[in-house]
Every structure is written in structure tokens, then in C-alpha cells.
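Heads up, the thing below is written out as C-alpha cells.
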Amino acid sequence: MHIEKTIQYMVTAIGLAWLGFLPTLTQASVVIGATRVIYPDKESEVTLRLTNPGPLPALVQAWVDSGDPSSAPSNVQVPFIVTPPMARIDPNKAQTLRIVYTGEPLPTEHESVFWLNVLDIPPKPSAEEAETNKIQLAFRSRIKLFFRPTGLTGKADEAPSKLSWQLIQKDGKQAIQAHNPTPFHVSLTEVHVHSAGQVATFDEGGMIGPGKTRIFVLKGQATDAPGARVRHRALNDYGGPVDGEALLRPLAPTSLPSTR
């Protein structure tokens, strides 16, 4: 799933007379208009549309964090402001979020990544609903916010094809090491190693930062026999899948201790 969504907290639990009753689950329904946000450094702001297709109004809180999902909105220190930070969205209505870069220095030689949080809180139950078994939950979605400096070498949509791949051993398990030489982040959803009639896979997804190396432990067996290839699927700026293929480099003589 391209949008990370978690249950933030239980708003209220009503009418649970005894444990034998299974309550109805009520959840929020706001839809985010993208799975990622790209912020070119020359823009004064970027916008993101939220819609509420549900039958009830919703209260939404929005903020940006630097990668720690447990950080509270009041404690985060990031160079972005989201307005409005809190809004009510009526049924079948929309709300546009404005994300503004406040100008604090960020690296100019590669992208920086942050996370936009959208906390969706359903309304309080009516008096009639309060008499029924009901649990209300607030849901938080987190999507990536990429700050992209002007003049970076290459193009973001070409970055997945620039990855280099090498078969290694990690903690006694077969793994594949991917190196990203570009100034862009590459988000992978799946990796398949095809060699000697066998296929080994990694399907949990992961992101490789600019100039970084990441290791993916494989399911199945693979070899670095001549002609072995890596087929991978990455996400573009719009969250769409982009398939690619590359040659597999020979097995590394030593294993690496950890993933960076």
C-alpha cells in the first residue's frame, strides 16, 4: 500500500454492556488526492486536495514530520507549514491543503524526504447512535513529501534504471544489494531475481535514498550465473508503477553487516 495508514487512537467506545457484544466499527473516510507530494524548491507553495465522499462530516488535522511517526505535531521541527492545520470537511465536500516551505537550509545536491500526516477523526455519535454498540477510530495516513532542489543531475523518472544490483549474503541469508547513485529517492514495491530458471523475490517494498545502498533479503534461491537479471517495480512522481530490468552483478565475496 502506497499510503501508510494506522489507527491513531480510539475516540470513544460506547454501550459495551459485556464482552459478548461485538461493537460496530466506525471509521473516518477522507480521501487524499495523491500518494506522494513533490515540492520543487522554487515554488512558493504546493497544494493537496482532500475529499470526503462519506455521509458524515470529518475533522482533519495535518502536519509534516521528518520521519519519526511517533512525533507529536506540537514537537516536530521541520521547514514546512501546512494550512489549515485543522479543518472540517462536510460530506461530499473537499478541502485544499497548502504546504509552504519556510526557507530553512536544506541540501541542494540531492532530494530531502519528509512525511505529510493526515489525521482523520470521525464526528461524535448522535444521541441515538450513543445507545448502540459502536467504536469510533481516528485514522492517520502518512505520505512522502519530497523536497526537490533545482538543477539536480538527471531526471527523477530515470533514477530506477540507474540502480546497480549485486547478490550478497546477509546474516547467512541470500540477499540483493541495490545502490542508488542518483540524487533522487527511489521507492521500490517489489524485486524479482531471475537466474538459471529460478526466481527469488522481495515484495515488502522499500526506499533507497540518494547515494545510498540498501539490502533486501530474498525469498527463494538465486545465482549470479551469466545472464541473471533483476526485474523491479518502482513508483514515479504520481505514485504509478514503473517496471525496469537490469543485469545482476556477481556475488560479493563478503557479506555486509547491516542495511544503511
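The table below lists the values:
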item	result
Three-way shape label, the range 81-229, alpha-carbon gyration tensor, a/c 1.5	oblate
Fewest-first ranking of D120, D68, using other Cβ atoms within 10 Å as the exposure measure	D68, D120
Label point distance in nm, R49-I81, each placed 7 Å from Cα along Cα→Cβ	2.6
Pair R88, V31: separation of 7 Å Cα→Cβ label points (nm)	2.3
Charge sum, other residues only, whose C-beta stays under 12 Å from Y101's C-beta, Lys/Arg counted +1 and Asp/Glu -1	-1
Protection proxy ranking, peptides 43-52, 200-209, 70-79, average beta carbon neighbours within 10 Å, highest first	200-209, 43-52, 70-79
Other-chain or far-sequence residues with amide H under 5 Å of K212's (modelled H)	N180
Amide H within-cut-off set for E190, under 5 Å, with H built and near neighbours excluded	R233
Three-way shape label, the range 156-249, alpha-carbon gyration tensor, a/c 1.5	prolate
The range 41-49 - phi-based ³J(HN,Hα) in whole Hz, Karplus 6.51/-1.76/1.60, Gly and Pro as x	5, 8, 7, 6, 6, 10, 10, 9, 9
Residue-count net charge about N52 - beta-carbon cut-off 13 Å; Lys, Arg +1, Asp, Glu -1	+1
Table column - 3J(HN,Hα) (Hz), the range 52-59, Karplus curve with 6.51, -1.76, 1.60, x for Gly and Pro	10, x, x, x, 10, x, 9, 9
Label-to-label distance, nm, for residues given as S164 and K42 (7 Å Cα→Cβ offset)	3.3
Per-residue HN-Hα couplings for the range 167-181 [Karplus 6.51, -1.76, 1.60; θ = phi - 60°; Hz; x = Gly/Pro]	7, 9, 10, 10, 6, x, 10, 6, 8, 10, 9, 10, 10, 10, x
G239 long-range amide H proximity, modeled H, under 5 Å	none
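Quick note: the coordinates plus some simple rules give every number you see, no bench work behind them. All values reported here derive from a predicted model rather than from experimental measurement. Please note: Cβ atoms are built from the backbone with ideal geometry, for glycine as well, and neighbour counts cover all protein chains shown.
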